[in-house]
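What follows is a set of notes on a single structure, which appears directly below.
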Amino acid sequence: PNLKITDVAASIDCSSNKLSQVFNLYLNINYYDYINNYRLEEFKQLVKNGDCNKYTIAALSEQCGFKKTSFFNTFKRVLGITPTEY
């Protein structure tokens with residue numbers, strides 16, 4: 001949940017500004033949207049596997065690196081439905 005662009009940039013010996021440019025120019029998405037999409041895919045995989053029935057949606061989202069409020073907002077914005085509807 002605390003993975004910042006500065007952390008990723010430092011791990012590949014790059015400035016955060018340059019890394020941000022790579023995301024924006026080549027992937028047409030900003031870093032945080034990219035990370036949140038990755039987290040959403042992880043959430044969808046957990047639900048698909050069916051191993052999650054004993055967990056709440058909030059607990060699953062936290063396992064994927066989300067904070068509660070950003071998860072529900074991101075899910076609805078990206079997928080157009082709520083996590084419960086999914």
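Structure above, values below:
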item	result
Single match in 56, 6 (criterion: free of Cβ contacts under 8 Å to residues at least 40 places away in the same chain, of a type in the set (Val, Ile, Thr) and closer than 13 Å to residue 83 by Cα)	56
Hits in the stretch 47-71 - residues which are of a type outside the set (D, E, K, R), under 20 Å from residue 2 (Cβ atoms) and touching a helix residue (DSSP H, G or I) at 6+ places or on another chain (Cβ under 8 Å)	58, 60, 61, 63, 64, 65, 66, 70, 71
Tally, over the stretch 64-86, of residues that are surrounded by 14 or more Cβ atoms within 10 Å (Cβ to Cβ) and within 30 Å of residue 15 (Cα to Cα)	7
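Just so you know, all these numbers are worked out from the coordinates, no wet-lab data involved. What you are looking at is a predicted structure, and each value in this text was computed from that prediction instead of being measured. No Cβ is skipped: glycine too gets one built from the backbone with ideal geometry, and neighbour counts run over all protein chains shown.
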